[in-house]
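The values are calculated or read from the model by the stated rules, or taken from the named source; none is laboratory data. As the structure is a prediction and not an experimental result, all values here were calculated from the model. Quick reminder, even Gly has a Cβ in these numbers, built from the backbone with ideal geometry, and neighbours come from all protein chains shown.
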């Protein structure tokens with residue numbers, strides 16, 4: 001049975017953040033809020049946890065996971081970004097955007113799109129996310145919490161606990177999240193391409 005932490009969305013309790021990060025570091029799968037929708041996350045290097053997320057969401061092997069980052073300082077470690085792309089990304093972060101970028105060798109191979117050698121990255125505007133990432137000291141491997149057969153993400157933390165208490169190790173209640181996923185923008189080519197319109201303003205990349 002999973003643990004359930006009620007964490008304040010503006011002033012996250014340090015004790016609970018520390019415990020949540022310990023769960024991630026020990027291979028746990030965590031349901032947590034972002035600035036768009038709830039997400040499933042795990043430690044970036046944990047293959048078993050990643051495989052558990054694939055089973056929960058019934059994901060194909062080519063599903064694009066995202067690295068949730070505290071700020072843009074981690075961008076250059078895991079992705080190749082030219083100056084023009086960096087300026088556009090900086091203007092839109094933190095916020096509800098996922099950026100598809102060419103991956104560096106620092107990204108575990110199992111997280112990279114094998115055909116395109118790319119990785120999704122985002123910097124969410126959410127205090128719980130910021131606190132988790134600051135305590136962890138590295139990105140969280142993540143995907144939106146949409147259950148198989150559903151059209152929209154789960155948004156009620158109590159419902160998430162009821163549905164997933166035997167599938168995840170921790171549910172973080174940070175209040176209700178929205179139903180929209182992020183806007184996805186690809187920087188794999190010379191010009192940015194809006195791959196999916198979501199919560200973010202796509203006009204920033206037109």
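For (1) within 26 Å of residue 26 (Cα to Cα); (2) in contact with a helix residue (DSSP H, G or I) (Cβ under 9 Å, 6 or more places away or on another chain); (3) without any contact (Cβ under 8 Å) to a residue 60 or more places away in the chain, each residue gets a yes or a no:
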site	(1), (2), (3)
157	yes, no, no
180	no, no, no
184	no, no, no
204	no, yes, no
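Is it the case that residue 92 is out of contact with any strand residue (DSSP E or B) (no Cβ under 9 Å at 6 or more places or on another chain) and modelled with pLDDT of 90 or more? Spell out the reasoning first.
Details: out of contact with any strand residue (DSSP E or B) (no Cβ under 9 Å at 6 or more places or on another chain): no; modelled with pLDDT of 90 or more: yes.
Criteria not met by residue 92.
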Which residues, counting only those in region 169-206, are under 14 Å from residue 100 (Cα atoms), part of a loop (DSSP other than H, G, I, E, B) and more than 19 Å from the chain's Cα centre (by Cα)?
188, 189, 190, 191, 192
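Please go through region 83-102 and pick out each residue that is in contact (Cβ under 8 Å) with a residue 12 or more places away in the chain and more than 20 Å from residue 39 (Cβ to Cβ).
Going through region 83-102, the residues in contact (Cβ under 8 Å) with a residue 12 or more places away in the chain turn out to be 85-86, 88-102.
Matches in region 83-102: 85, 86, 88, 90, 91, 102.
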